[in-house]
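The values are calculated or read from the model by the stated rules, or taken from the named source; none is laboratory data. Keep in mind that this is a model prediction, so the values were computed, not measured. Backbone-built Cβ (ideal geometry, glycine too); neighbour counts: all protein chains shown.
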Amino acid sequence: MFATLHSALSNHRTFGFAMTGVVGVAVIIGAALALRGPDLTFAPEMAPQAVELPDGRTLFVQRYEVTVGEWNVCHKKGGCSLALRARPDQDPMTVPATGLNYVDVQEYLRWISAETRHDWRLPTSQEWAFMAEPVLPEEPDPIFTDPELTWASSYLIEGLASRTLKPQGSFATSPQGIADLNGSVWEWTNSCYSGTADLGRCPAFYVGGEHVAAIPFLVRDPARGGCAAGTPPAHLGMRLVTDRSL
């Protein structure tokens, strides 16, 4: 009987030590996973230099706008509902992803943040304006000084940038190496037109481009869906930013 009891106690101690070892290994693996850096498999190409903002913060910006090819990876993996198609004469890996509304963009942000284990977001309208200022044209003087003809001045001087969708790198590059901020794609920002802090209840968001515009959050084609403020942009796309270096 004592031999049996001793054997049982020994087995229990062995099992206990084994379980302790398993738990210890699990803790070590969990800690290792938590300490792992970002997964760069789907990380975008970043601008060579960060943007130093007036308030002292540093902003790390995607060099080019998200492309059709990058977007469709999200779609194929189930992260993005919308599938995009480039024209036959376009390379999906270099043509910007357009026809995106604010909800679409949020899907992509959630997906790429999870895939890369890194927090990505849209810039605010103030951040976008600051980083684009060096490459945007100066606002031209009005053609007509009569206030009643303001609409005519706006009509005649708008459309300074080409509205044709072109491959990445077709427009100017900022001093930090950010391309195409003055191009034909207006980029969604995270700034609400109505000023509400609850972005989930925001009816329209500002988009960055040749001029300021506010677009209703469900609009993919501003020429058809309208513009809450400003002349309708040619194309709606996106560019990623992050507050932490990869």
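Scan the range 119-135 and tell me whether some residue there is touching a Cys at 6+ places or on another chain (Cβ under 8 Å), modelled with pLDDT of 95 or more and closer than 30 Å to residue 243 by Cβ.
no
Identify the single condition in (1) touching a His at 6+ places or on another chain (Cβ under 6 Å); (2) at pLDDT 95 or above; (3) farther than 17 Å from residue 105 by Cβ that residue 185 does not satisfy, given that it satisfies every other one.
Among (1) touching a His at 6+ places or on another chain (Cβ under 6 Å); (2) at pLDDT 95 or above; (3) farther than 17 Å from residue 105 by Cβ, residue 185 violates only (3).
Could you tell me which of the residues 219, 212 is modelled with pLDDT of 95 or more and surrounded by 13 or more Cβ atoms within 10 Å (Cβ to Cβ)?
One residue alone meets the criteria, 219.
Determine the pairs where a residue that is closer than 14 Å to residue 130 by Cα, located within the range 205-225, has a partner that is of a type in the set (Val, Ile, Thr) and surrounded by fewer than 19 Cβ atoms within 10 Å (Cβ to Cβ) with Cβ atoms under 9 Å apart, the partner being 6 or more residues away or on another chain.
Partner pairs satisfying both residue conditions: 210/231; 211/231.
Can you confirm whether the range 60-82 contains a residue that is at pLDDT below 95, in a loop (DSSP other than H, G, I, E, B) and more than 24 Å from residue 169 (Cβ to Cβ)?
Checking the range 60-82: not a single residue is at pLDDT below 95, in a loop (DSSP other than H, G, I, E, B) and more than 24 Å from residue 169 (Cβ to Cβ).
Kindly establish whether residue 31 is assigned to a helix (DSSP H, G or I), at pLDDT 95 or above and either among the small types (Gly, Ala, Ser) or over 15 Å from the mean Cα position of the chain (by Cα) (or both).
Details: assigned to a helix (DSSP H, G or I): yes; at pLDDT 95 or above: no; either among the small types (Gly, Ala, Ser) or over 15 Å from the mean Cα position of the chain (by Cα) (or both): yes.
No; evaluated as a whole, the condition is false for this residue.
List the pairs whose first member sits in the range 47-58 and is touching a residue at least 40 places away in the same chain (Cβ under 8 Å), whose second member is among the aromatic types (Phe, Trp, Tyr), and whose Cβ atoms are under 7 Å apart, counting only residues at least 6 apart or on separate chains?
Every condition considered, the pairs that remain are 50/60; 53/130; 54/130.
What number of residues in the range 87-131 are assigned to a helix (DSSP H, G or I), of a type outside the set (A, V, I, L, M) and free of Cβ contacts under 8 Å to residues at least 60 places away in the same chain?
Residues in the range 87-131 being assigned to a helix (DSSP H, G or I), of a type outside the set (A, V, I, L, M) and free of Cβ contacts under 8 Å to residues at least 60 places away in the same chain: 5 in total.
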